[in-house]
Every structure is written in C-alpha cells, then in structure tokens.
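A short reminder: the numbers here are calculations on the coordinates, not readings from a lab. Just so it is clear, the structure is predicted and the values come from calculations on it, not from any experiment.
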Amino acid sequence: MGRESRGAALAMLACVLSMGMPAGAVSPIPNAAAVRSAGRWRDASIDDYRKHLAELQSLVTACAKTRDLKTCDPLLVGPDDRIPLGSGADADHRLVRYGWLRVLFSKAEEPDEVPGTNQDAKASSQPLSNQPVPPTTSKLLQDAAQRLASDLEQTGTAATAMPAHTSERSTMAAVLAGRDFRDLEQTSVRDTVLERVNNWLNHLIENLTRWRARSAWVGRILVWGFILVVCVALVWVLLQLERRWRVRLVPEQRTPAPAAVSARNWQLWLEDARHAAAAGQWREAIHFVYWAAIARLEARRLWPADRARTPREYLALIAPDDPRRAGLAALTGSFERTWYGGRVAAESDYRRAEQIATGLIEGGSA
C-alpha cells in the first residue's frame with residue numbers, strides 16, 4: 001500500500017472518530033442472524049461492556065506507548081459487544097463494533113509520517129496540494145482513548161428503548177403481501193443445513209489460518225491433512241462405484257469363452273446334479289448344482305465370463321445390496337465345505353443346496 005493510500009485510510013478513520021454523533025452511540029442490529037453467523041460478537045451485560053471498555057483503554061495506552069506488534073495486535077481488541085437496551089428478557093439489543101480500533105491497531109506499528117516528506121505528493125498536481133493533511137497515528141490513538149473514555153462515561157446513563165415502529169411494520173407487511181412478492185418462499189431446511197455447514201467450514205478454515213500464522217508447520221499439517229482426507233474419501237467412493245458398475249459394462253452380445261462355466265447350459269449342469277443325487281453321490285451333486293447356479297447367473301451378464309475365478313471371487317462380484325448375495329454366499333459355503341474341505345455330504349445338504357440354487361436360477365433371492 002502506498003503512502004497516499006495509508007494517508008487516505010487514516011483520514012477516513014479520523015473522520016469517523018471526530019463525527020458529531022455521540023461517541024458511545026451505536027447502530028441497531030440489521031440482521032442478528034447474519035451477525036451471529038460471522039462469530040465476531042458476543043452477548044454482554046452492561047457490566048461486561050464496562051469491563052471491556054476499561055480493558056480497551058489500557059490497550060490503547062500501551063499501544064500508544066510502545067507501538068510494536070505485541071501490544072498493538074488487532075486480535076487483542078476481542079469480539080464486538082451485543083448489549084441489552086433494557087432489563088427485561090425481551091429487551092432490544094445494540095451491537096457495539098470495534099472494527100475502527102482493529103484498523104487503527106493494524107496501522108500503529110508504522111511510524112508517523114512527517115508532513116512534507118512525501119516526495120510523491122510534491123510531484124503531484126496542484127489541486128492535490130490543497131487536500132487536508134491527514135492526522136498522524138499518534139493523534140488517532142489519542143482520539144481513540146478519548147472516545148473509549150466517553151463511551152465508558154455514557155454507560156452510567158439509562159439506555160432508551162427503541163420504538164416499536166408499529167405503523168412501519170404494518171406498512172411493510174402490506175407491501176410484502178402484494179403481487180410482486182407473492183412468489184417469495186421461506187428458507188427451506190436444506191438451505192439452512194447447507195448454510196450451517198458452510199459457516200462451519202468457514203470457521204474451520206479461519207481457525208486453520210490463525211494457527212498457520214502462529215506456527216507455520218502446524219498450519220501446513222492441518223491443511224494438507226484435510227486435503228488428504230478428502231482425496232482418500234473421493235478415491236474410496238469412486239472404487240465402490242466402479243466395483244458396483246463394472247460388471248454391467250459387458251456387452252449383451254458378447255459370447256462366453258469355450259472354457260467358461262456359462263458356455264455349458266445351466267440345465268445340463270442341473271441334470272448332472274440330479275443324476276448324481278439319484279446315485280447317492282451327494283458331494284458330486286452339490287458340485288454340479290453349484291455350477292448350475294453360477295452358469296445361470298453368468299448367462300444373465302451378472303459378471304464377465306471367466307472360468308479362472310474362485311468361488312469367493314464370484315461372490316465378491318455381487319453388490320452388497322443385491323438380494324441374491326445371501327443365497328449365493330450360503331451355496332458357496334456348502335460347496336466349499338464338501339468339495340474343498342472334505343466334509344462328508346448328506347442328502348439334506350444336497351436338498352438344501354438344490355433349493356438355494358433353484359431360487360437363484362429363477363431370479364429370486366433364494
């Protein structure tokens with residue numbers, strides 16, 4: 001920022017301090033919900049307000065004496081005060097802002113400019129030489145101390161309540177009832193939730209920025225950690241979507257490979273299972289009835305044809321929310337116990353496996 005810009009900012013601040021309005025006067029809150037969402041004010045009683053003004057007087061005195069970063073830190077000013085105008089529970093409130101003091105503290109580290117040393121102003125045109133000389137930062141600190149003292153003195157006077165504005169409210173209600181405002185709608189719950197999430201994220205980012213200013217490595221760890229968590233979550237979601245939809249990308253006209261299970265009709269597998277069951281070969285019958293179900297599901301394009309898969313790999317290809325997953329899991333467990341585990345199969349084991357396979361072949365959840 002150039003010297004002319006700093007001078008203009010100081011002049012504007014001096015105008016605010018030297019306005020004819022009372023030093024302790026404050027403006028009513030235009031939108032309390034919007035102010036609260038910013039998180040820069042607090043509800044304070046009159047006693048808290050007096051204590052805050054006394055603390056600010058001490059801060060201004062210390063800042064004017066040392067003029068360094070430690071004593072002139074704008075964060076020392078604290079939040080704005082929202083004070084009641086009466087003693088009742090439904091009393092109106094006023095918001096006392098200290099933004100002007102924070103701006104002054106941010107300028108207090110710089111030394112005062114001596115009039116006549118600005119070479120750029122000398123080289124400027126003649127009309128600029130008639131502009132008033134902005135006050136120095138030391139003068140602004142003195143004015144700030146006087147304003148805080150006046151505010152503290154006015155806290156002893158009784159506050160006047162704001163008028164009800166009944167006629168104005170009725171007029172505004174009549175205007176809002178007109179046809180021009182007929183399509184207005186109240187804020188939905190979704191918009192409210194999104195606004196709260198947005199405010200929370202803004203507050204989180206603001207805190208991260210403060211931590212980064214105090215300790216650079218802590219801020220970097222928090223920022224990059226947040227980015228890493230978001231990236232990992234996105235990758236996980238994409239992998240789940242890809243796993244769920246990849247089996248549906250197989251063209252319908254694709255014929256299975258000669259070695260695939262579906263290359264042999266599922267009815268033939270089921271017929272072999274019944275022949276083995278008639279001969280009392282329950283282990284072989286469960287084996288055939290399992291592959292009959294796999295051939296039927298593969299013929300329906302539930303997954304790409306590939307004979308190299310294991311039973312567990314076939315089961316992993318079905319989405320968790322697929323109603324056929326439970327039946328195939330039970331049939332796979334029975335097949336693995338009898339065929340690979342060496343467990344002796346009985347007729348009841350085959351009947352149960354055939355019942356599950358029939359449900360899968362007919363398209364149900366078994």
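Scalar couplings 3J(HN,Hα) for segment 95-110, obtained by applying the Karplus form with A = 6.51, B = -1.76, C = 1.60 to θ = phi - 60°, are 10, 9, 9, 10, x, 4, 6, 5, 4, 5, 5, 5, 8, 5, 5, 7 Hz; x denotes Gly and Pro.
Evaluating 6.51 cos²θ - 1.76 cosθ + 1.60 at θ = phi - 60° for every residue in segment 64-78, the Karplus couplings come out as 5, 7, 9, 6, 10, 5, 5, 8, 10, 6, x, 5, 5, 5, x Hz, glycine and proline recorded as x.
Residue-wise HN-Hα couplings along segment 165-182, as the Karplus relation 6.51 cos²θ - 1.76 cosθ + 1.60 with θ = phi - 60° gives them from phi, are 6, 5, 5, 5, 5, 5, 5, 5, 5, 5, 5, 5, 7, x, 5, 5, 10, 6 Hz; Gly and Pro carry x. Distance between the C-alpha centres of segment 304-345 and segment 37-108: 70 Å, rounded to the whole angstrom.
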